[in-house]
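Asks: Just passing along the structure, written as structure tokens.
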Amino acid sequence: MPENWKIKSMRVVNVMIGRELGGIEQAFLDYNQALTLYGHTVCAVINQNAKIEPFLARQNIENVVKTHFIHYNYFLLITLYAKLRRFNPDVIIVHNKKAIPIFKILARLLHVKIIGVSHNPKFKLVDKCDGIFTITNYQKKLFADKGFPDDRIFVIPNLIAKVIPFQRQEEFRTPPIIGTMGRFDPMKGFTDFIEALGILKQKNISFKAVIGGGQQKSYPDEFITMQKMVKELGLQDDVTFCGWVNDKDAFFNGIDIFVLPSRFEPFGIVLLEAMIHSKPVVASLAEGPAEIFATNTQSAYLFPINNPQEMAQKISEALGNFSQTQEVARSGYDLCIEKYTLEQVGKSLDKALKYFVNG
């Protein structure tokens, strides 16, 4: 690596044009914090109807551009160009792939480079960027195999911005409370989770379960299916749908075990949130969790995707050995501190950004 990567702080345009709340939106907010922590000045570009606006307001970012982003058009291009030219950026980072075409044009007009953050393994559009930030080594290999230059792909995992001291539980609640959360999307595997709970009930294992999350416009029937399954399996008194979780501290403080049942999960920020809250994790071996726990399988109870029976077995194992479960929680917490804090990931982001822009 050349010495000139150690360059002055930069003026970074950080783009998130999505309207909903989820992992990508959280990553956008985390980028703002990490970039600011390492001395960069951020201009945050968001959709004017974005649900993350109140969260962004708490970050006290001085430069915020709100846009009515529907699709590419010349009026939008001209408006954004005028606003970004006044900011005078050194680089543009884009989190939504459908925003890449217009921001690629803006990057050329502003004579700066554009970096696409790949939050999933889809290569389309992100390959048009000058560089790519992937969230896993798995994604980096996929893109390199498709011909994108390896030296322009940087692995920047998702992070946890808030560090909480480890808190060892004295005992499980009676009955123990199992929690999960996420978008109500088939790929999140919540129907598998409910089926696993049904298996636990058949085995007379005592529990309560809390499912946090919200219905998605793309999958309007998923929540209905989940509710129907709860009724069919006789879990009405055992399962609570608590809605979208805004207070993460209250959610994690109110459960004993966290389960990630995803059938497909590019990363899984919620895993980091569970681990930093000292909660033992039961997780599927989807792409993200498999990489997170690859070097330390003792940090979680792991099961194959699309397998409610194995999920139920791992939950049962976690509930059946409190001492071991607390060791798993401690190991997960240590893993989170070692690799995924704002300081650790921010350092990688800062170094990659400087090297890419100035190298």
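Asks: Is there any pair linking a residue in region 207-234 that is more than 22 Å from Ile177 (Cβ to Cβ) to one that is outside any helix (DSSP H, G or I) and not polar (S, T, N, Q), with Cβ under 7 Å and at least six apart or on different chains, and which?
Replies: Gln215/Phe184; Gln216/Arg183; Gln216/Phe184; Gln216/Asp185; Tyr219/Phe184; Tyr219/Asp185; Glu222/Phe184; Glu222/Asp185
Asks: Further question: Residue check: is Gln309 touching a helix residue (DSSP H, G or I) at 6+ places or on another chain (Cβ under 9 Å), farther than 30 Å from Ile153 by Cβ and surrounded by fewer than 17 Cβ atoms within 10 Å (Cβ to Cβ)? Explain how you work it out, then say what you get.
Replies: On the way: touching a helix residue (DSSP H, G or I) at 6+ places or on another chain (Cβ under 9 Å): yes; farther than 30 Å from Ile153 by Cβ: yes; surrounded by fewer than 17 Cβ atoms within 10 Å (Cβ to Cβ): yes.
Spelling it out, Gln309 is indeed touching a helix residue (DSSP H, G or I) at 6+ places or on another chain (Cβ under 9 Å), farther than 30 Å from Ile153 by Cβ and surrounded by fewer than 17 Cβ atoms within 10 Å (Cβ to Cβ).
Asks: In addition: For Tyr74, all conditions in the list (1) under 24 Å from Leu29 (Cβ atoms); (2) at pLDDT below 95; (3) of a type in the set (Phe, Trp, Tyr) hold save one; what is the number of the exception?
Replies: In the conditions (1) under 24 Å from Leu29 (Cβ atoms); (2) at pLDDT below 95; (3) of a type in the set (Phe, Trp, Tyr), Tyr74 misses (1) alone.
Asks: A follow-up question, please. So which residues in region 208-229 are of a type in the set (A, V, I, L, M, F, W, C) and closer than 23 Å to Tyr301 by Cβ? If you could, list the steps in order and put the result at the bottom.
Replies: Narrowing region 208-229 to residues of a type in the set (A, V, I, L, M, F, W, C): 209-211, 223-224, 226, 229.
Across region 208-229, the qualifying residues are Ala209, Val210, Ile211, Met226, Met229.
Asks: Tell me, which helices (runs of 4 or more DSSP H) lie completely within region 6-102 with 1 or more residues that are within 22 Å of Leu159 (Cβ to Cβ) and out of contact with any Gly (no Cβ under 8 Å at 6 or more places or on another chain)?
Replies: Working: elements: 23-37, 53-57, 74-87.
The helices (runs of 4 or more DSSP H) meeting that bar are 23-37, 53-57.
Asks: Does region 71-78 include one or more residues that are crowded, with 18+ Cβ neighbours inside 10 Å and of a type outside the set (Lys, Arg)? Even if it seems obvious, please write down each step before you answer.
Replies: We begin by selecting, within region 71-78, every residue crowded, with 18+ Cβ neighbours inside 10 Å; these are none.
Looking through region 71-78, none of the residues is crowded, with 18+ Cβ neighbours inside 10 Å and of a type outside the set (Lys, Arg).
Asks: With the structure loaded, tell me whether Glu291 is outside the structural domain of Gly22 (by TED's automatic domain parsing), of a type in the set (Asp, Glu) and not in a helix (DSSP H, G or I) or whether it fails that test.
Replies: no
Asks: Do we find that Lys201 is surrounded by 15 or more Cβ atoms within 10 Å (Cβ to Cβ), farther than 27 Å from Phe267 by Cβ and either outside the structural domain of Ala286 (by TED's automatic domain parsing) or charged (D, E, K, R) (or both) in this structure?
Replies: Working: surrounded by 15 or more Cβ atoms within 10 Å (Cβ to Cβ): yes; farther than 27 Å from Phe267 by Cβ: yes; either outside the structural domain of Ala286 (by TED's automatic domain parsing) or charged (D, E, K, R) (or both): yes.
For Lys201, the condition - surrounded by 15 or more Cβ atoms within 10 Å (Cβ to Cβ), farther than 27 Å from Phe267 by Cβ and either outside the structural domain of Ala286 (by TED's automatic domain parsing) or charged (D, E, K, R) (or both) - is met.
Asks: Another question about this same structure. Is it true that Asp192 is under 16 Å from the mean Cα position of the chain (by Cα), assigned by TED's automatic domain parsing to the domain that holds Glu287 and closer than 28 Å to Phe303 by Cα? Reasoning before the result, please.
Replies: Working: under 16 Å from the mean Cα position of the chain (by Cα): no; assigned by TED's automatic domain parsing to the domain that holds Glu287: yes; closer than 28 Å to Phe303 by Cα: yes.
The answer is no for Asp192.
Asks: Check region 240-260 and report whether any residue there is more than 17 Å from the chain's Cα centre (by Cα), within 20 Å of Pro186 (Cβ to Cβ), part of a loop (DSSP other than H, G, I, E, B) and not charged (D, E, K, R).
Replies: Within region 240-260 (the criterion being more than 17 Å from the chain's Cα centre (by Cα), within 20 Å of Pro186 (Cβ to Cβ), part of a loop (DSSP other than H, G, I, E, B) and not charged (D, E, K, R)), the answer is no, since none of the residues qualifies.
Asks: While we're on this one: Which ones in region 123-179 are hydrophobic (A, V, I, L, M, F, W, C), assigned to a loop (DSSP other than H, G, I, E, B) and touching a residue at least 40 places away in the same chain (Cβ under 8 Å)? Can you show your working first?
Replies: Step one: of region 123-179, the residues hydrophobic (A, V, I, L, M, F, W, C) are 123, 125-126, 129, 132-133, 135, 142-144, 148, 153-156, 159-161, 163-164, 166, 172, 177-178.
Remaining after also requiring assigned to a loop (DSSP other than H, G, I, E, B): 123, 125, 129, 135, 148, 156, 159, 161, 163-164, 166, 172.
Once the filter is applied, which keeps residues that are hydrophobic (A, V, I, L, M, F, W, C), assigned to a loop (DSSP other than H, G, I, E, B) and touching a residue at least 40 places away in the same chain (Cβ under 8 Å), region 123-179 yields Ile135, Ile156, Leu159, Ala161, Val163, Ile164, Phe166, Phe172.
Asks: Still on this structure: Exactly one condition in (1) touching a residue at least 60 places away in the same chain (Cβ under 8 Å); (2) farther than 20 Å from Asp30 by Cα; (3) of a type outside the set (Phe, Trp, Tyr) is not met by Lys339; state its number.
Replies: Answer for Lys339: the failing condition is (2).
Asks: Could I ask something else about it? Can you tell me how many residues within region 188-205 are under 16 Å from Gln236 (Cα atoms), in contact with a Ser or Thr (Cβ under 8 Å, 6 or more places away or on another chain) and not aromatic (Phe, Trp, Tyr)? Spell out how you get there, then give the answer.
Replies: To start, the set of residues in region 188-205 that are under 16 Å from Gln236 (Cα atoms) comprises 190-191, 193-202, 204-205.
After this cut, where a residue has to be in contact with a Ser or Thr (Cβ under 8 Å, 6 or more places away or on another chain) as well, the list is 190-191, 193, 200, 205.
Filter again for not aromatic (Phe, Trp, Tyr), leaving 191, 200, 205.
Matching residues across region 188-205 total 3.
The values are calculated or read from the model by the stated rules, or taken from the named source; none is laboratory data. Keep in mind that this is a model prediction, so the values were computed, not measured. No Cβ is skipped: glycine too gets one built from the backbone with ideal geometry, and neighbour counts run over all protein chains shown.
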